[in-house]
Structure formats: structure tokens, C-alpha cells
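Some notes on the structure that comes next.
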Amino acid sequence: MVTNIEISGYTEDILEALVKAGIYSNKTEAVREAIRRFIESFDMKEISFRAYKDGKITFQLALEISGLNIEELIWYLLKRGIAPELGLVDIDETKEGLRVIEEKNLFVFDLSSAFTILELNGIDTIKKLQKRLIIGKETGKVVRSLIMRYSKIRGSLVSLGDYELYQLKMPLGEFARKNGMSIQEAEALMIAKKEGGVYVSDDIRSRQIAKSKGVNSIPVISIFLYEMQQNILANNEFNEIVMRMGMVPLLVPFEIFSEMR
């Protein structure tokens, strides 16, 4: 994206003098350096924390602003006394999710849901759903670094395999800005809307936005619960997944534990 900046008067004279003095090769270089120093003067972690605390942005946009990785941001928020709104709070949302899973055949994953699946080593489990699984191009860019990380941790190549990479050819910046979300999750949401599919996100605020736009959305745990109820996933496997979710940590409704037997 290109941003045009109009500079005149005293500021332009100063820039011209810096170029003539040989400090910068041209005014563009001088402006870039000034902007870089301006940005570095801010504590981006603090800015993302305040915006997230005030409910202005999603976790995934806070992640993008802060410059931290997912685990670092989770623990940064916890240390500041804020529980990340990741996972599921309302059990009724899970019940609705089960119906949606039954009816829909296309599922679009954002960064938060991809993180959950990789963290729980649940790729093979998700594939058992036998649905069309999609990751947007913007999400794919970020997920690649996650895949490399988990491949290194586990000592073997981690692959998302059957997931389709989908490029949405439409501008997303304005939609993302107005809704306080990142470009990658805006893309995932809009793909689900365009294709009549399901937006899979463990970012509670992102799902709330999806609902306001008339898009079906579910957390990852709904998929695991559906598979257990359909005897695709064994009870003991579901129990282990739920316990590991709490360690990530992801929010899990108390009622879910009644499904563990």
C-alpha cells in the first residue's frame, strides 16, 4: 500500500538541507527514517494491551500490533490481569455450532483456530471431519511460521495437508479497520461469507463480528465435540483435547466437562 504525504514550507526546507548535507540521499529516505523513529518511540505492546482491554480490537489484531507471537501475547495479557478471550464461554454457542457443522460443507480457518489445531496436534483429527477445509492466503502467510515452529519442536515436518489455500480478490483494509480486526481474519470471515461456509475462529471477538455480519462461526472445540458425538473421535481422545485446551490456555465452558466420560 502506498501513502502519499504532502510536505511544504519549513519542514520541506529542513529535509532539503539534510539531503544537501549528505545525511540522506533524498527526501524520501529522510521521511522514511523519521517515520521509523516516530514508530519506535511508541510501546506497541502497551498500545495493543490498552486497545484490547478497552474492547476496541480482536486478539488477532492485538497480536499484529504488539509484535509478539501468540504465546507471548497470551502470557503478556495474563500478567497484566487480562484473560485473553480465546476459546468458548457460552455453551449455547456450541449447540448452535453442532447444527452448523452438520449442515455446512466448507470451513474457513483463521490464525487463532490454526494455532489451536497445531498446539493440540489435532490436524489428523480435524481431517476426519471430511469437509472442505480452507485457509486464506493472508492467513497462510502467518501460519507458515507456526508450522516451522511446531515442526522444529516435534522434530518432524508438520503439514496442514488437505487445506486449500484461497485468495480473496477484494480490498479488506477498510473492513478490517472498521471492525477492529486483522487483515487475515477479515479475509477468513469474508471467504466464509462469499462461499456460504463456516468461519472457524477461537477468537471470541472475531466470532461476534462474524455473527453481526450474518456469517456462521464456530470455535474449534465444536468440531471436536461433533466428532465425538458422531463416534469419529473416541471419548478418551476428546477428554485429552479438552484438558490440553485448558493448558494453552483456552476458555472452556464448565458444561463441556459433562461430555467427558
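Values in this text are rule-based calculations from the coordinates and carry no lab data. These numbers were taken from a predicted model, which means no experiment stands behind them. In this analysis, Cβ positions are derived from the backbone assuming ideal geometry, glycine residues included, and neighbour counts consider all displayed protein chains.
Results, tabulated for the structure shown:
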read-out: Antiparallel DSSP beta bridges within the chain, as percent of all bridges there, nearest 5; value: 5
read-out: Partners for Lys194 among aspartates and glutamates (Cα-Cα distance below 12 Å; same-chain residues under 8 apart left out); value: none
read-out: Karplus 3J(HN,Hα) series, Hz, for the range 125-136 with 6.51 cos²θ - 1.76 cosθ + 1.60 (x for Gly, Pro); value: 5, 5, 4, 5, 5, 6, 10, 7, 10, 10, 10, x
read-out: For the range 1-72 and the range 127-179, distance of Cα centres in Å; value: 28
read-out: Amide proton proximity set for Leu251, modelled H, under 5 Å, gap of 5+; value: Leu86, Gly87, Leu88
read-out: Lys95 paired with Glu255, simple spin-label distance in nm, labels 7 Å along Cα-to-beta-carbon; value: 0.5
read-out: Projected area averaged over orientations for the range 26-103, convex hull of C-alpha atoms, nm²; value: 8.3
read-out: Cα-based helix-to-principal-axis angle, 70-79 vs the chain, degrees rounded to 10; value: 90
read-out: Per principal axis, descending, Cα span of the range 91-259 in whole Å; value: 44, 39, 27
read-out: Rough spin-label spacing in nm, given labels placed 7 Å along Cα→Cβ, for Ile232 and Leu78; value: 3.0
read-out: Ascending count of other beta-carbon atoms within 10 Å, so fewest first, for Arg244, Arg177, Arg207; value: Arg177, Arg244, Arg207
read-out: Aspartates and glutamates with Cα under 14 Å of Lys128, excluding same-chain neighbours fewer than 8 positions away; value: Glu102, Asp162, Glu227, Glu237
read-out: Helix 235-247 axis, angle to the chain major axis (alpha carbon atoms, nearest 10°); value: 30
read-out: Expected 222 nm ellipticity per residue - DSSP helices of 4 or more, -39500 (n - 2.57), all of the chain, to 500; value: -17500 deg cm²/dmol
read-out: When each of Lys56/Lys141; Lys53/Lys131; Lys104/Lys169; Lys53/Lys127; Lys104/Lys152; Lys131/Lys178 is checked by Cα-Cα distance, pairs over 29 Å; value: Lys53/Lys131; Lys53/Lys127; Lys104/Lys152; Lys131/Lys178
read-out: Sorted by Cβ density within 10 Å, fewest first, the residues Asp162, Asp203; value: Asp162, Asp203
read-out: Whole-number Å³ per residue for the convex hull built on Cα positions in the range 166-231; value: 91
